[in-house]
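A short worksheet on the structure shown next.
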């Protein structure tokens, strides 16, 4: 029996076997129910049967074998994409969805061979190859739709977080400043409110940037001509206002003109300074040094205090993890989400540079950043 005829005449048997196979898969502790497993499976099987009955040229076959075939139009595309939509809405992870396709493929081949498939060697081998191509194409359609929908959800999340939360924070900050000017609120009380607003806004910025990097694969930057030191002077001035009791200094010699995303550069230094001020010795200075080198420019942020253990140094740029404490698993930053240094790394990477860390009891902790004067395209 040709494979396309088998798919049509044994659809119920295939679906039943698929249910039994795929129901053994446990994802995040949740068993997949039969109704969820069967959803759109019948349409996918029918679409693949139609695909097998369509003539195929040698050129088209060669393109498919190289992964260059055009996406199929019609039922196959609709069934596979709709399948991805329903899986995402139901909370299925993408690996669980791919496992379903694996189960379908295994069920079809096993039952077809059991029913006598494969005896007509030439025709059956061609059918089997085309069946696998159609399955791979359906998986590609589903994964592409799932990924696209995930990106849309991410963009929506970023928009909501950036707009609907930042606006109320701005209102809180302006209201506190107004109350101080009108004499209804002591300046010391307003400082606490405004610092809290700044802190919350920083957390929002980190979450938005982290989500954007995960979605797009790279921190977006808009480089413009400028002097890096001029930008850093502004950041240090702002940091001194927030940490009036801490000693901050900057040393620089040379030419620091280049093309940078000034906002991202400010965010980079601000994050490194916050890290140094939070984890460094409170009675010791934090020093920023800027210099020229063969690659372009470099700068470092140095603080004294308890050094970072070697094991933590290997993890410190990972998102959501501050480091590891022996026997206690993950430990997040005490003052944040553990995203600051990850975002620093991504800003540097987007500018074509690199960031390094050294930390020991004798010399303290130093983060060193090296940047080209012009980021890669």
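Looking only at the stretch 203-228, which residues are part of a helix (DSSP H, G or I), modelled with pLDDT under 85 and within 29 Å of residue 374 (Cβ to Cβ)? Full working, then the answer.
Of all residues in the stretch 203-228, those part of a helix (DSSP H, G or I) come to 203-216, 228.
Then drop every residue that is not modelled with pLDDT under 85, which leaves 203-216.
Within the stretch 203-228, 205, 206, 208, 209, 210, 211, 212, 213, 214, 215, 216 qualify.
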Single residue of the stretch 177-197 satisfying the filter (within 31 Å of the chain's Cα centre (by Cα) and surrounded by fewer than 15 Cβ atoms within 10 Å (Cβ to Cβ)) that is nearest to residue 151 (Cα to Cα): 196
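Hey, among the residues in the stretch 303-315 that are assigned to a loop (DSSP other than H, G, I, E, B) and modelled with pLDDT of 90 or more, which one's surrounded by the fewest Cβ atoms within 10 Å (Cβ to Cβ)?
Among those that are assigned to a loop (DSSP other than H, G, I, E, B) and modelled with pLDDT of 90 or more, it is 306.
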Can you pull out every residue in the stretch 105-119 that is more than 15 Å from residue 4 (Cα to Cα) and within 38 Å of the chain's Cα centre (by Cα)? 106
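Within the stretch 153-162, does at least one residue satisfy the condition of being at pLDDT 75 or above and in a helix (DSSP H, G or I)? Full working, then the answer.
Here is the first cut: in the stretch 153-162, the ones at pLDDT 75 or above are 153.
With the extra rule that they be in a helix (DSSP H, G or I), the set shrinks to 153.
There is at least one residue in the stretch 153-162 that is at pLDDT 75 or above and in a helix (DSSP H, G or I).
May I ask you to say which residue of 174, 88 is within 19 Å of residue 204 (Cα to Cα) and either surrounded by 13 or more Cβ atoms within 10 Å (Cβ to Cβ) or at pLDDT 80 or above (or both)? Break it down into steps so the answer makes sense when it comes.
On the way: 88 fails: within 19 Å of residue 204 (Cα to Cα).
Step by step, each of 174, 88 is checked, and only 174 is within 19 Å of residue 204 (Cα to Cα) and either surrounded by 13 or more Cβ atoms within 10 Å (Cβ to Cβ) or at pLDDT 80 or above (or both).
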Assigned by TED's automatic domain parsing to the domain that holds residue 352, closer than 25 Å to residue 173 by Cβ and either in contact with a helix residue (DSSP H, G or I) (Cβ under 9 Å, 6 or more places away or on another chain) or without any contact (Cβ under 8 Å) to a residue 60 or more places away in the chain (or both) - does that describe any residue in the stretch 223-232? yes
When the stretch 229-266 is examined, which residues are found to be over 25 Å from residue 364 (Cα atoms), touching a strand residue (DSSP E or B) at 6+ places or on another chain (Cβ under 9 Å) and assigned to a helix (DSSP H, G or I)? 231, 262
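Report, by residue number, each residue of the stretch 267-302 that is part of a strand (DSSP E or B) and either surrounded by 23 or more Cβ atoms within 10 Å (Cβ to Cβ) or not assigned by TED's automatic domain parsing to the domain that holds residue 253 (or both).
286, 288, 297, 299, 301
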Here the qualifying pairs (Cβ atoms under 6 Å; residues six or more apart or on different chains; first in the stretch 295-311 and more than 25 Å from residue 252 (Cα to Cα); second assigned to a loop (DSSP other than H, G, I, E, B)) come out as 307/361
Yes/no for residue 357 being modelled with pLDDT of 95 or more and either surrounded by fewer than 17 Cβ atoms within 10 Å (Cβ to Cβ) or outside any strand (DSSP E or B) (or both): yes
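The values are calculated or read from the model by the stated rules, or taken from the named source; none is laboratory data. Treat the numbers as computed from the prediction; the structure is a model and nothing was measured. No Cβ is skipped: glycine too gets one built from the backbone with ideal geometry, and neighbour counts run over all protein chains shown.
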